[in-house]
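Here's the structure, in structure tokens; my notes come after.
Bear in mind that the values in this text are calculations on the coordinates, not laboratory data. All values derive from a computational prediction rather than experimental measurement. Here the Cβ positions follow ideal geometry from the backbone for every residue, glycine too, while neighbour counts run over all protein chains shown.
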Amino acid sequence: MNFPAAVEDFEALSEMKGELHLAIGVFDGVHLGHKAVIESAVFSARRSGGICGVLTFDPHPSRLFRPEDPTQLIMPIETKTKMLHEVGVDCVIRKHFDRAFASIPADQFLQQLQQALPALKSIYVGENFRFGQKRSGDVATLIATGRELGLGVFSADRIKHNGQPISSTRIRKELQAGEMEAVNDLLGYNYTATGEIVSGAQLGRTIGFPTLNLPWEPECQPCFGVYYVRFRQSGSHAWQAGVANYGVKPTVAAEDPVPALEVHGLETTDLGCGASLEVEWLRFIRPEQKFASLDELKAQITKDCETARELAK
């Protein structure tokens, strides 16, 4: 059965055929801990000849409960949806998270879910999953109500890295600190920026370091600075090593600058404006800084490239 990449509500899947094994969560970042939950649902669906689905939420619940200080997401929901399909999910339900949904009593949550999705067979969550009115429901609530409704409930223990649980919150902190090796370890893949190359001010070209400019605006911003990266045109298998600067370019910035990502290839590249670019962030080299002159900036970029070449070996 063919499914759309994502649906906005339950109705589009209410008449699906085959058992539905449903993972539930925000899953921001689709990190190793999330995959422990999601891949269990995928395995069960494949074993039974059923369907694996993910129920996630848009916007993030914090925008309802803390509008003055919402959680800054690691990735936009479109990227998350794409990654969920890459790990084997058949359908993604991007449920609009509003006050009515948040107010469902915890002991009625599964019943309403089963009514909306009659093919529902089992539920998959993380051990710390909370839901329902005032977040009063937990895994024990799911098990008790699921037993009454004939639904299996599977909960995955939190996966730890260096003794500490992997979480989206932990990844955000590491990302904002520029700790890319830790970020990539926790994600289970390399943190990536994607976008279409646009024309820049050509300053890099005038000082001997031409750059590929990416209009990229993540909610959770990495630390401003210089990074060792690798990049490729989307769809290509040929990676190239490079140095990326993410920040506001204080040496030459205009008033109220917008953070931008610029990538300089260590070797000549024929990529140009309009090409779709993927940039994987591998190592933090140094914080962004303001230089007294373009000559000082050029000298530092030369050092940055030397550092990147050593890392690339």
Problem set entry | Cα gyration tensor, the chain - rounded (a/c under 1.5), prolate or oblate | prolate
Seminar exercise, completed: Residues of the stretch 129-155 with backbone N under 14 Å of the label point set 7 Å from the Cα of GLN112 along Cα→Cβ are 131-137
Exercise. With each run of n ≥ 4 DSSP H residues scored as -39500 (n - 2.57), what mean residue ellipticity at 222 nm is computed for the chain after dividing by its residue count and rounding to the nearest 500 deg cm²/dmol?
Worked result: -8500 deg cm²/dmol
For this session: Name the longest site-free stretch of the chain, where the excluded sites are GluC sites (Glu not before Pro) in a DSSP loop with no more than 12 other beta-carbon atoms within 10 Å.
Result: 69-254
For this session: Filter the cross-link list LYS80/LYS298; LYS160/LYS290; LYS134/LYS173 down to pairs whose alpha-carbon distance in this structure exceeds 30 Å.
Result: LYS80/LYS298; LYS160/LYS290
Seminar exercise, completed: Of the listed links LYS249/LYS313; LYS82/LYS249; LYS95/LYS121, those spanning more than 22 angstrom between alpha carbons are LYS249/LYS313; LYS82/LYS249
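Using only the Cα atoms of the stretch 10-164, build the gyration tensor, take square roots of its eigenvalues as a ≥ b ≥ c, and label the shape rounded, prolate or oblate: rounded if a/c is under 1.5, else prolate if a/b is larger than b/c, else oblate.
Since a/c stays below 1.5, the shape of the stretch 10-164 is classed as rounded.
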Exercise. Classify the stretch 190-312: rounded, prolate or oblate, from the alpha-carbon gyration tensor (a ≥ b ≥ c, eigenvalue square roots; a/c under 1.5 rounded; otherwise prolate if a/b is larger than b/c)?
Worked result: rounded
Problem set entry | Stretchable slack from VAL258 to ARG147, in nm (0.36 nm times residue separation minus alpha-carbon distance) | 34.7 nm
Seminar exercise, completed: Length gained, ASP270-SER236, 0.36 nm per residue minus C-alpha separation, equals 10.9 nm
Exercise. What are the DSSP H helices in the chain that stretch 20 Å or more along their long axis, judged by alpha-carbon atoms, and whose average Kyte-Doolittle hydropathy comes to at least 0.0?
Worked result: 32-48
Exercise. Pick from ILE143, ILE207, ILE171: which residue has the top mean-square fluctuation in a GNM of the chain where Cα pairs under 10 Å get a spring?
Worked result: ILE207
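For THR79 and PHE10 in one chain, what is 0.36 nm times their gap in residues minus the Cα-Cα distance, to one decimal in nm?
Here the answer is 22.8 nm.
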